[in-house]
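Engineer: Have a look at the structure that comes next, please.
The values are calculated or read from the model by the stated rules, or taken from the named source; none is laboratory data. Note that the structure is a prediction, hence the values are computed from the model and not measured. A quick note on method: Cβ atoms are made from the backbone with ideal geometry, for glycine too, and the neighbour counts reach across all protein chains shown. Ligands, DNA and RNA are stripped out before the accessible areas are found, and what is left, the full protein with its side chains, is counted by its heavy atoms. Shrake-Rupley method; radii C 1.70, N 1.55, O 1.52, S 1.80 Å.
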Amino acid sequence: MKKMAIGFILIHVLIFLLWIMNSGDLFSLLGIACWMLAIVSGFIVQIMLDEVLMIRKIMAISNGWMVFLIIMTVGVHFTVTSMP
């Protein structure tokens, strides 16, 4: 489980880098589906990590950051589409 948690943390870092670059791949339908799948899977791995507290804390921060990015993305989308 520890290796899976590290893998999901790296996936979250990759998603963050794509978000910063405003990548069209991330904001496509497939990209958003993969983004959501990574978040849900990350929460599942976080719940299953009982013995390693430091990795669990890092996973919680990483998952929280991904949820924050989604909220910001939705907010930016609605702001931009409401402009004349």
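Engineer: Do any residues in the range 68-81 that are closer than 17 Å to residue 36 by Cα have Cβ atoms under 6 Å from those of residues that are aromatic (Phe, Trp, Tyr) and surrounded by 11 or more Cβ atoms within 10 Å (Cβ to Cβ), where the two are at least six apart or on different chains, and which pairs are they?
Structural biologist: Pairs that qualify, where the first residue is closer than 17 Å to residue 36 by Cα and the partner is aromatic (Phe, Trp, Tyr) and surrounded by 11 or more Cβ atoms within 10 Å (Cβ to Cβ), are 69/19.
Engineer: When you scan the range 1-9, do you find a residue that is of a type outside the set (Phe, Trp, Tyr), outside any helix (DSSP H, G or I), surrounded by 13 or more Cβ atoms within 10 Å (Cβ to Cβ) and free of Cβ contacts under 8 Å to residues at least 24 places away in the same chain, even just one?
Structural biologist: No, the range 1-9 has no match at all.
Engineer: Regarding the range 55-62, can at least one residue be identified that is farther than 25 Å from residue 33 by Cβ and either open to solvent by 30 Å² or more (accessible area, probe 1.4 Å) or not in a helix (DSSP H, G or I) (or both)?
Structural biologist: Scanning the range 55-62, I find at least one residue that is farther than 25 Å from residue 33 by Cβ and either open to solvent by 30 Å² or more (accessible area, probe 1.4 Å) or not in a helix (DSSP H, G or I) (or both), so the answer is yes.
Engineer: So which residues in the range 16-36 are farther than 20 Å from residue 56 by Cβ and either touching a His at 6+ places or on another chain (Cβ under 7 Å) or assigned to a helix (DSSP H, G or I) (or both)?
Structural biologist: Passing the criteria: 17, 18, 19, 20, 29, 30, 31, 32, 33, 34, 35, 36.
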